[in-house]
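Worksheet for the structure shown next.
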Amino acid sequence: MRSLELESGLTLLAVPTPRSTIVHRLVCDRLADRREAGESGAGASAYWIDARNAAAPRVLYDQVSSPGVLSDLRIARAFTAYQHHSLVREVTRRCDPTTELLVAPNVASLYGDDDLPAYEREDLLASSLETLSELGRVLDCPVVVTSADDERAATIDDYARSTIECVRTREGVRFETDGEAVTTGYWHGTYWQTTIPYWVDCCGTVDRLDPVTAADRGLLEVSA
Amino acid sequence: MSPYTFEFEDGTVREWTLTGDGAEPRLVEDYTPSLFVSGPDDALVDLRARLEDDPKVDATDRERWATDLHQAHVGDRSRVLRVDLERVDEVRTLAREIRGVHERETHAPGTFRLFDVDLEPGVRYCLDEGIDPTPGRELRPLRIELSEPALADGDVAALRLDGEPIDERTGDPAAVLRTLGRRLVRRDPDVLVVSHGELIPLIERRAAALGLEGVRLGRLPGWTQLAGENTYVSYGRAGHSPARYRVPGRAIVDTSNSFLWNQSGLDGLQYMVERTGRPLQEAAWGSIGTLLTSRQIRIARDRSVLAPWNKWEPESFTDVRTLHAADRGGFTFAPEVGFHETVHAIDFASLYPRIICEYNVSPETIDCGCGRPAARDGCGGDGTVETVGERNGRVPGLGYERCSHDGFLPDVLEPLLADREKRKRRLAADPSEPEAARLRAESGAIKWVLVSCFGYQGYRNAKFGRIECHEAINAYAREIALAAKRRLEDAGWRIVHGIVDSLWVTPRVPDPEPLDDVTAEIGETVGIPLEDDGSYEWVCFVPLRESIAPASEAGRAPAPPVDSSPDSDQTGTTIDPATEAGGVESGPAGALTKYFGKREDGGFTVRGIELRQRSTPPFVAESQRAFLEALDRERDPRAVCDVLGRRLRELRSGAVDPANLEITKRISRSLEAYSQRTHTVAALERYDRRGIDRRPGQSVRYVVVDDEARGSERVRLPFEGIRTYDEDWYATSVIRACESVVSPLGWDRRRIRTFLRDGRTPRLSTFVE
């Protein structure tokens, strides 16, 4: 029995490359668990806001035992930062209390493109992240975003309740939170060497924000 | 007559109208260009108040416009804010301020969407004022040219007019410029066709410095720089656009920065002026994407749809199954590598634009939910095109519903398709040569826009692009290719290769149904004509370079064409963007776009191999042509290698004119950004040393003189007085060109070398070239 407890709120997965499929595994496991628990089928319950063509259908199919696992997932791809921001806004309209999971791989990537004037980049990205983070809070569901760029990861970190680092080592990718190694296994080429209990470990060690701080929106706004 | 060229200065417009013997200016002082803003009502009220004190703003108003095609389609409108400006050159500044200052100070990012911002002044003016800038009489052009070294040296004495040097003898700049001035007065050209835009400041400044007051390029004194030079990346390729200039009363065509001029000349340009509403000078420097966008903006305006500044509209959320079905590329039949006799090429003429028109595919007709009936005139969602009776208006494989109502993209493309048809028909009627040249130029210009329209739908910044529309077009194309394959095979034909809209077929039974009948029937069924694109005595499909059999042994007989069962499903494959080419399991994999053949009406068709590559030096290209001729004559790779032997001897004797060994390469980055010591870098260093500016997107030309040498000594530039060349290096190039020709017959480089080393007596055919 796989049991993966992603926390509600925004989680940043700091991935080694934009093509990383770690997030695919995470999402598919979550969906599979719901299906096993007999919770799926009530319509869309997971939304994937894509960037840089991370949502390759083949990669997703590879992660699941049957295509039906993916039936509750809805994907839309953004090709510009403007579209990305529009999709974030669109999700706020589509989400409801049954929404289980939001995913946004390469969440900050498009905001660095040339077709966006410099004055707009930070504000628009901040606005998207703020919205996603708020959605996680209000809906009480996990919002998983990834970034392969350290500089942008720092920005995203301001909005994240937790951050999981994926550090490249000679052995493969190691996961860390707060500088503490939590890896019990490594990626080897295209397959994942460890078992799911790793994730339980991993997510169990993620540091938490002070709940008082998390609940106090005013305080967060000031610190942001 | 309506005006044909426009200048904008200090808030006024000077429009020039052609007269019988020249052109007349008219000053328009009251033109106020507008941009539009959409957003929540209270935010717009607030913005309107803030803009009232802005000196750039002339007036503001609230109007009802459609902010996208969908809105217009369902009969809806938004109440937007119209902002009129004093000066056209301040539109972008104000747009940036609205987003960067006004929105930022009071509203969340992304509150305001802006429209009609990035239109070039001339295009905007014609659009707003309903002006058709098509020249009303035949234009008088004057060609002014200067070679690049002379331009770098600022040597105006080397100027050429209409292809002739102005003054070869004296080399006196003042005399040359005076002659130029006299010619300008006498001819009074409407269009200056210049080899480089930089000639404008060079000539004007030099004339001023020499005190030649009467010498000026415009119909009035003065000149303006419109835009600085710029390096950009488009579709992953670096491009360079040089600075642009304007002179009063004359349109400038910079041939170093005009795709259309180089493809279609003045005739093609004039045609595009009419169809896009871009005045001549703006049409000249426009890329195909820009031209297409201008036409779209014009037609959108007719439908009360504003042109968005940024691309905010995202695709809709969809499930993984649909995404998977939509994410496939064009349908392709893997080529059967080898030598094939009696091959017919057939193609769906203008496949993608015709799909758009025939099936009413447009951003606003896919899943519009407008309540109008779904389109029923098309191919169906049950996976077959043949079952006409069951058409249900859904995009095959994707399930998107397609509306029958008056699509925008068909409106953009139908007149172009019709114009092209008309020109092709007139050409077929054997018109006089000047007429034929004009028809060819126009037809060529249209073709480029038509071939780009599909890809442009998927371009991320296409103003009216939508990814679902792009996918739908692809889905129909696949369906149509499969339907054609089934019908052709039933009729006794075998597909030896196919790429999206073109098929190569050969009989698979002794007495197949007549091809014309079969193609006519297919065309009728799918609604897109399937045309005869020529018959071939033989065609060779070239293997991918890395799959050319390394194990081929000397003395082995030429490999027979790869035999694959016509019923095998492997003959059809969808290109997977990740793996590039679909392969045939046995035998070498074919390169999708490399082939050559001998047409039944004589002459060769060559694609993808060295002969067609821009960088190939003339000597290598000529050699490859000789190899093709030998193959055609003897149908034997040994005969081809005999010719190769002779070519190599010519090369080794040093008898080849270095001009025939010049290589042309497009540069992708600036000199400093190259990390490897390539020939291109060596050439760039030499250009740099001579003060000639080469930017990414431009080309370099060079001859390899010593590949083993260090740095810039490896090459020489064409104007550096080249006397020698690197024989070994060019010999390898020629052998590679030969390999391309004999590789379909199972020969590789090693076998060629072994054959040449044998030193047999050359056969008679060696000398027939």
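What follows is calculated from the coordinates using simple rules that are stated; it is not laboratory data. Computed from a predicted structure; not experimentally measured. We place every Cβ from the backbone using ideal geometry, glycine too, and count neighbours over all the protein chains shown.
Here are some notes:
- Here the translational diffusion coefficient of the stretch B:141-302 follows from Stokes-Einstein with Rh set to the Kirkwood radius across Cα pairs; for 10 °C and 1.306 mPa s it amounts to 95 µm²/s.
- Extended-chain gain in nm, criterion 0.36 nm per residue less alpha-carbon gap, B:ARG723 and B:ALA437: 99.0 nm
- Per-peptide average of other Cβ atoms within 10 Å, ordering B:463-474, A:23-34 highest first: B:463-474, A:23-34
- Tensor-based shape of chain B (alpha-carbon gyration tensor, a/c under 1.5 rounded, otherwise prolate or oblate): oblate
- Averaged over the residues of A:70-78, the number of partner chain Cβ atoms lying within 10 Å of the residue Cβ comes to 5.
- Projecting the Cα atoms of B:PRO109, B:LEU51, B:VAL91 onto the charge dipole of the stretch B:34-117 (Cβ charges, centred on the Cα centre) puts B:PRO109 farthest toward the positive pole.
- For A:122-128, mean number of other protein chain Cβ atoms within 10 Å: 3
- Loop-located chymotrypsin sites (Phe, Trp or Tyr not before Pro) across the stretch A:13-91 with a Cβ neighbour count of 10 or fewer within 10 Å are lacking, with loop assigned by DSSP.
- Normalised by the number of residues in the stretch B:141-302, the average gap of Cα pairs under 8 Å and 6 or more apart makes the relative contact order 17 percent.
- Of B:ALA209, B:GLY154, B:LEU292, farthest towards positive along the dipole that unit charges on Lys, Arg, Asp, Glu beta carbons give the stretch B:141-302: B:LEU292
- Span per principal axis, largest first, for the Cα atoms of the stretch A:27-87 (Å): 37, 23, 13
- Global geometry of the stretch B:409-455, whether rounded, prolate or oblate, following the gyration tensor of its Cα atoms and the 1.5 cut on a/c: prolate
- Rounded, prolate or oblate (a/c below 1.5 giving rounded, otherwise prolate when a/b exceeds b/c) for the stretch B:34-117 by Cα gyration tensor: prolate
- Ordering B:TYR725, B:TYR536 from the fewest to the most neighbouring beta carbons within 10 Å gives B:TYR725, B:TYR536.
- Extents of the stretch B:581-697, largest first, come to 51, 42, 28 Å (Cα atoms, principal axes, whole angstrom).
- Rounded to the nearest 20, the Cβ-based charge dipole of chain B about its Cα centre (Lys and Arg +1, Asp and Glu -1) stands at 1980 debye.
- Formal net charge of residues neighbouring B:ASN230 (Cβ-Cβ distance under 13 Å; K, R +1; D, E -1): 0
- The local environment of B:ALA418, defined by Cβ-Cβ distances under 15 Å, has a net charge of +3 under the rule Lys, Arg +1 and Asp, Glu -1.
- Over 32 Å between alpha carbons, listed pairs B:LYS424/B:LYS485; B:LYS485/B:LYS594; B:LYS56/B:LYS447: B:LYS56/B:LYS447
- Other residues lying with their Cβ under 14 Å from the Cβ of B:GLU435 contribute a combined charge of +2, Lys and Arg counting +1, Asp and Glu -1.
- 5 Å-binned pair-distance histogram of the stretch B:473-515 (Cα, whole percent): 5, 24, 31, 21, 12, 5, 2, 0
- Computed [θ] at 222 nm, deg cm²/dmol, chain B (DSSP H ≥ 4; -39,500 (n - 2.57); rounded to nearest 500): -11000 deg cm²/dmol
- Fully extending the segment from B:ASP118 to B:THR17 would add 33.8 nm, taking 0.36 nm per residue of separation and subtracting the current Cα-Cα distance.
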